[in-house]
Amino acid sequence: MSHDLAPLYAQHVATLRQRADQALALGGFDHLLIAASTPLRIFLDDQDYPFVANPHFRHWLPLTDAPGSWVVYTPGDKPKLIFVQPRDYWHVVPAAPSGYWVGQFDITIVRTYAEAVALLPKGRRAVIAPECPSIEGVEANNPEAVVNYLHWHRSYKTPYELTLMREASRIGTRAHRAAEKAFRAGESEFGIQLAYLAAARQTEKELPYSNIVCLNEHAAVLHYTHFDRIPPKQRRTFLIDAGANASGYASDITRTYAADGHQEFQALIDSMERAQQGFGAKVKAGQSYPELHIHAHHVLAEVLREHGLIRLSAESAVQSGVTSAFFPHGLGHPIGLQVHDVAGFQANESGGFIARPEGHPYLRMTRALEPGMVVTIEPGLYFIDMLLEELRAKPVANDIDWNKVDAFRPYGGIRIEDDVVCTDGEPENLTRDAFAAHA
């Protein structure tokens, strides 16, 4: 793949340079300095937390493990990489830069973090770096005008970025296939996780987020990351929310399966599958994401009615908050260098904030879709004890078939998630395409 990436990467860097020129002009700066950052030390220990490079650094470079290094960009000059390659026999030292991307940078190799800092240009500098850990000799100012502009435009993926996101989807779907096979074979959550990692050929540290691997009622915990070591006595359902990483770009994929013999819950999954694909088909230019989220609530109300869980009209179920008890999170979020990518609420390239619709506090995107954006579409339907108990205390409880609800509680819930690109025409579903290729 790397040979094909070279021209796409050159175009990507040219785009980033144009954006940086504009951002620096808006902020009144002469230089853009982007720190890869350094690992954070564990309190009262001599070990570090796993290192995650600054996403702004990864936007310029496919380097996910170059702590202490810097990207330096001055308008009119070729971008520079100050690459830290320490003298160290305790750890694996980062390999010298090589590959399809090196021709786009002037590269200087140094041995220490301090040497890298000494090479940074002086003057009016926009320094994009975390405040913790601090960097001796450099103040991270993260200027709002610069960061807002860069975040806004990061929403629009370049062809290079989309190529890497397709690869992340291919890796993720390959691992999802292995996870489903492990579930069918009777593995525990921990065993399924190991099967996933082996198929992805990525460590937990390399994955874009902690995998969610749920059997049975554990699917009712939205961010369940426990991994039981012992399989349950009876396998009813399996929900897996797990992604993969390709040169710093994420995929985020969720699937839900019923064990053989659980036809009623399988029928509910099938209804959710149809609904989810309908939402994915609406990822088109001009579509308001909050309106798509509200539309999803109306469709899910019809699913609840179809399966006899509620007797309300769809409109009443949404207005009274019934659907929010079964679907308490947002329809999805922007995705790219970060799983929950930036600028999902931003009003324009100068900043601003577009509020969430009232009653939907967990929606992670409020913008209208535009070509180049990539979003997740992940409706859910859950049987969460805490939320159901709150619902039971409301007058609308009389319009809910609690026997049906109780019958479904041991299954936990359903979530189905794809990563979808908004284009000038029909959406590109990265996840479905990757599953089709791995059929």
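Using the eigenvalues of the Cα gyration tensor, what equivalent ellipsoid semi-axes result for the stretch 199-349 when each is taken as the square root of five times the eigenvalue, whole Å, largest first? Could you put the intermediate results ahead of the total?
Values: eigenvalues 142, 128, 32 Å².
Ellipsoid semi-axes (Å, largest first): 27, 25, 13.
Tally Lys/Arg at +1 and Asp/Glu at -1 over every other residue whose Cβ is under 15 Å from the Cβ of ALA437; what's the total? Local charge sum for ALA437: 0. The simple Förster model, with R0 at 35 Å and r as the Cβ-Cβ distance, assigns GLN287 and GLU315 a FRET efficiency of 0.95.
Rounded to the nearest whole Hz, the Karplus-based 3J(HN,Hα) values (6.51 cos²θ - 1.76 cosθ + 1.60, θ = phi - 60°) of the stretch 377-385 follow the sequence 10, 9, x, x, 9, 10, 10, 9, 3, with x at glycine and proline. Angle check, please: helix 144-154 long axis (alpha carbons) against the longest principal axis of the chain (alpha carbons), in degrees 0 to 90, nearest 10. For helix 144-154, the angle is close to 60 degrees. The accessible surface of the stretch 98-140, taken with every protein chain in place and a 1.4 Å probe, is 51 percent carbon and sulfur. Qualifying trypsin sites (Lys or Arg not before Pro) in the stretch 80-112, where qualification requires a DSSP coil assignment and no more than 10 other C-beta atoms within 10 Å, comprise ARG87.
Placing pseudo-labels 7 Å out from each Cα toward the beta carbon at LYS394 and ILE354 gives an inter-label distance of 2.6 nm.
To test your reading of the geometry: what angle, between 0 and 90 degrees and rounded to tens, separates the Cα axis of helix 289-306 from the longest principal axis of the chain? Taking Cα atoms only, the helix is inclined about 20 degrees.
Gyration tensor over the Cα atoms of the stretch 216-297: the corresponding equivalent ellipsoid has semi-axes (square roots of 5 times the eigenvalues, largest first) of 28, 20, 11 Å. Over the chain, accessible surface divided per residue gives 44 Å², non-protein components excluded, 1.4 Å probe. Cα centroid separation, the stretch 190-205 to the stretch 277-324: 34 Å.
From its DSSP helices (H runs of at least four residues, each -39,500 (n - 2.57)), the chain gives a residue-normalised ellipticity at 222 nm of -11000 deg cm²/dmol. Here the stretch 287-439 yields Rg over Rh of 1.01, to two decimals, using C-alpha coordinates and the Kirkwood radius. Descending by average beta-carbon neighbour count within 10 Å, the peptides 263-274, 171-182 line up as 171-182, 263-274, the highest first.
Directionally averaged projected area (the chain, Cα convex hull): 22.8 nm². From the largest down, the stretch 135-267 spans 59, 34, 27 angstrom on the principal axes of its Cα atoms. For the stretch 2-60 versus the stretch 136-153, the inter-centroid distance based on Cα atoms is 11 Å. Rounded to the nearest Hz, the phi-derived 3J(HN,Hα) couplings of the stretch 155-172 under the Karplus curve 6.51 cos²θ - 1.76 cosθ + 1.60 (θ = phi - 60°) are 5, 9, 6, 7, x, 4, 5, 5, 4, 5, 5, 5, 5, 4, 5, 4, 5, x, where x marks glycine and proline. Packing, as the average of other Cβ atoms within 10 Å across residues, places the peptides 54-63, 339-348 in the order 54-63, 339-348, highest first. Peptides 430-439, 356-365 ranked from most to least packed by the mean count of surrounding Cβ atoms within 10 Å: 430-439, 356-365.
Computed from the C-beta positions of SER134 and ARG201, the FRET efficiency with R₀ = 41 Å rounds to 0.70.
Each Lys or Arg adds one and each Asp or Glu takes one away; over the other residues whose Cβ falls under 10 Å from the Cβ of PRO410, this sums to 0. The mean sequence separation of alpha-carbon pairs under 8 Å and at least six residues apart, normalised by the residue count of the stretch 199-305, gives a relative contact order of 20 percent.
The values are calculated or read from the model by the stated rules, or taken from the named source; none is laboratory data. From a predicted model like this one, the values you see are computed outputs, not experimental measurements. Backbone-built Cβ (ideal geometry, glycine too); neighbour counts: all protein chains shown. Side chains included, ligands, DNA and RNA excluded: accessible areas come from the protein's heavy atoms. Shrake-Rupley method; radii C 1.70, N 1.55, O 1.52, S 1.80 Å.
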